[in-house]
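Quick notes on the structure that follows.
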Amino acid sequence: MPRVSLLTAALVALPFAAAPSLAADLAAGKQKAQMCATCHGRDGIATAPDAPNLAGDSSIYLAEQLKAFREGRRQHQQMSIIAQGLSDEDIADLSAWFAAIEVTATLPTVN
């Protein structure tokens, strides 16, 4: 196979290789997300000033961040502890739940 074709095939396959391998359960994710509500809000819009909004983020991004906390590659006083107790299934469910929340934005009116 020509070099260009191999590169093209690799680039096309890359998003699928990075996707979580477990099938996520939205209902389970909604239930599990209750533990996140104190800081990240019931709807994924943060209530704590130092917590990020999770609603509408990519499930791949969210899963990678939770895994980074769990593995110690990313540090945060609370999240590093919380993530220790998350299984791959928990991470897939939570990531799918927050990613499924639709977020809309309204631009400010500027005169």
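Considering each residue of the stretch 45-68, count those that are touching a Phe, Trp or Tyr at 6+ places or on another chain (Cβ under 7 Å) and under 18 Å from residue 83 (Cβ atoms), and give that number. Steps first, please.
Going residue by residue through the stretch 45-68, those that are touching a Phe, Trp or Tyr at 6+ places or on another chain (Cβ under 7 Å) are 54-55, 57, 62.
Those still in the list that are under 18 Å from residue 83 (Cβ atoms) too: 54, 57, 62.
Count: 3.
State the number of residues belonging to the stretch 85-111 that are surrounded by 10 or more Cβ atoms within 10 Å (Cβ to Cβ) and either within 17 Å of residue 29 (Cα to Cα) or hydroxyl-bearing (Ser, Thr, Tyr) (or both).
Taking the stretch 85-111 as the starting set, the residues that turn out to be surrounded by 10 or more Cβ atoms within 10 Å (Cβ to Cβ) are 86-101, 103.
Next, from what is left, pick out any that are either within 17 Å of residue 29 (Cα to Cα) or hydroxyl-bearing (Ser, Thr, Tyr) (or both): 86-101.
So the answer is 16.
Can you go through 52, 15 and tell me which one is modelled with pLDDT of 95 or more and surrounded by fewer than 17 Cβ atoms within 10 Å (Cβ to Cβ)?
On the way: 15 fails: modelled with pLDDT of 95 or more.
Answer to the selection: 52.
The values are calculated or read from the model by the stated rules, or taken from the named source; none is laboratory data. Source: prediction; values computed, not measured. Every residue, glycine among them, receives a Cβ derived from its backbone with ideal geometry; neighbour counts consider all protein chains shown.
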